[in-house]
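Have a look at the structure below before the remarks.
Quick note: the coordinates plus some simple rules give every number you see, no bench work behind them. If you're wondering where the values come from, they're calculated on a predicted model, not measured in any experiment. Here Cβ is always computed from backbone atoms with ideal geometry, including for glycine, and neighbour counts include all displayed protein chains.
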Amino acid sequence: MRSMSRRPANPNRASRPRRRFGQHFLAPVWAERVVAAIAPGPGDVFLEIGPGRGALTLPLARTGVPVLAVEIDRDLAGALAPRVPGNVTLLIGDILNLDVVPYLGGLQPQRPPGLSAETPVARRVRVAGNLPYNLSSLILFWLIERARRDAVFADATVMLQREVAERLLARPGTKDYGTLTVLVQRHASISRLLNLPPTAFKPAPKVHSTIVRLEFHEASPRVPDEAAFARMVKALFSQRRKMLSNAIRHFDPAGADVLARSGLDGHRRPETLQVEEFARLADLFAAGTAPDRVL
């Protein structure tokens, strides 16, 4: 085990949840259920986001998989460091600002039983974590960006506020369908694994929680410009219940022309568009503004 803590932990502070980090600690019996849902196996290497007191870290490590655990709270990390086994590497820092890829590259997975030393092991880098609810969307977008840019993560099994999970799983035309849905579903297949009541945590939050799995894949459908696509999707959902013909003109003066070329019904609402239809609009906006297409 390695730790980057440079000062001794304060055990009193480590024992108290800290509101600014959105800390709620998972009960052991529920932690075992979560690890069973994660289903670690030979060949797996794990990045754990926010190990806290080690509720997931320790049962996950007991399966033998190597774990890189990133904790932002120095006191929690300092208290956890002497308790973790040798297959856990503990880093202190903000996951949103850390380059974890070099650390993950140094972790060697278990070999399946009976496999000869000469046979290569299929290696998967996986993510697990009880995400701080006040930062969950930022961390989800961070995971998507790293999966897209570095192609390093196979999947992520994360705990979210149930309302956020419903948004990830939503379908067009429902109240939960929105920007987060579209931007994440282009990069990952999402499934619900487990629902948890507030009593699964201490202190009990005021919300229910859900474990979801994101299985990352190449962006589908493709778009010419990821940032421009995100801006368009956010703009259209900001007027989700207006007619598409009105909402798209507010986004871009060329919106009426793009809508006409798209073949989409302008009487529809943005909240009813499929991911593929958002991508079609993005393609047309890009084609209409490209220098070699301007008349």
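Computed over neighbours whose Cβ is under 9 Å from that of residue 109, the net charge equals +2, Lys and Arg +1, Asp and Glu -1.
Computed from point charges on the beta carbon alone (+1 for Lys and Arg, -1 for Asp and Glu), the dipole magnitude for the stretch 136-282 about its Cα centre is near 460 Debye. What the Cα convex hull of the stretch 11-216 gives, in volume per residue, is 122 Å³. Each of 194, 119, 267 was placed along the dipole of the chain (beta-carbon charges, centred on the mean Cα), and the one lying farthest toward the positive end is 194.
For the chain, modelled as a GNM whose springs connect Cα atoms under 10 angstrom apart, the maximal fluctuation among 52, 64, 266 occurs at 266.
About its Cα centre, what dipole magnitude does the stretch 226-293 give when the only charges are +1 on Lys and Arg Cβ and -1 on Asp and Glu Cβ, stated in debye to the nearest 20?
On the way: 11 positive and 9 negative charges, 71 e Å.
Result for the stretch 226-293 is approximately 340 debye, rounded to the nearest 20.
For the chain, with only Lys/Arg (+1) and Asp/Glu (-1) charged at the beta-carbon, what is the dipole magnitude about the Cα centre, in debye rounded to 20? Roughly 1040 debye, rounded to the nearest 20.
What does the charge count around residue 139 come to, taking other residues whose C-beta lies under 14 Å from its C-beta (Lys +1, Arg +1, Asp -1, Glu -1)?
That sum, taken over residues with Cβ under 14 Å, equals -3.
When the trypsin sites (Lys or Arg not before Pro) in the stretch 131-201 are filtered for DSSP coil states and for at most 11 other beta-carbon atoms within 10 Å of their beta-carbon, the remaining sites are 175. Cross-link reach is defined here as a Cα-Cα straight distance under 26 Å, omitting same-chain residues fewer than 8 places apart; for residue 234 the lysines meeting it are 175, 242. Among the trypsin sites (Lys or Arg not before Pro) in the stretch 202-248, those placed in a DSSP loop whose Cβ has at most 14 other Cβ atoms within 10 Å are 206, 222, 241.
Rounded to a whole number, what is D in µm²/s for the stretch 149-295 from Stokes-Einstein with the Kirkwood radius over alpha-carbon pairs (4 °C, 1.567 mPa s)? Result for D is 77 µm²/s. Of the GluC sites (Glu not before Pro) found in the stretch 212-295, those in coil by DSSP whose Cβ has at most 14 other Cβ atoms within 10 Å are 218.
Net charge in the neighbourhood of residue 179 (other residues with Cβ under 12 Å of its Cβ; Lys, Arg +1, Asp, Glu -1) is +3. Summarising the amide proton neighbourhood of residue 124: residues at separation of 5 or more, or on other chains, whose placed amide H is nearer than 5 Å comprise 44, 45. In the chain, the DSSP-assigned H stretches of four residues or longer account for a calculated mean residue ellipticity at 222 nm of -10000 deg cm²/dmol, using -39500 (n - 2.57) per stretch and the full residue count as denominator. In the stretch 124-242, taking the dipole from charged Cβ atoms about the Cα centre, the farthest positive-side position among 237, 209, 157 is held by 237.
Remark on residue 239: its backbone amide H falls under 5 Å from none of the residues 5 or more positions apart or on other chains, H modelled at 1.01 Å from N. For the chain, DSSP calls about 45 percent of its internal beta bridges antiparallel.
As a footprinting exposure proxy, order 285, 251 by other Cβ within 10 Å, with the fewest listed first.
If I rank by nearby Cβ atoms, fewest first, I get 251, 285.
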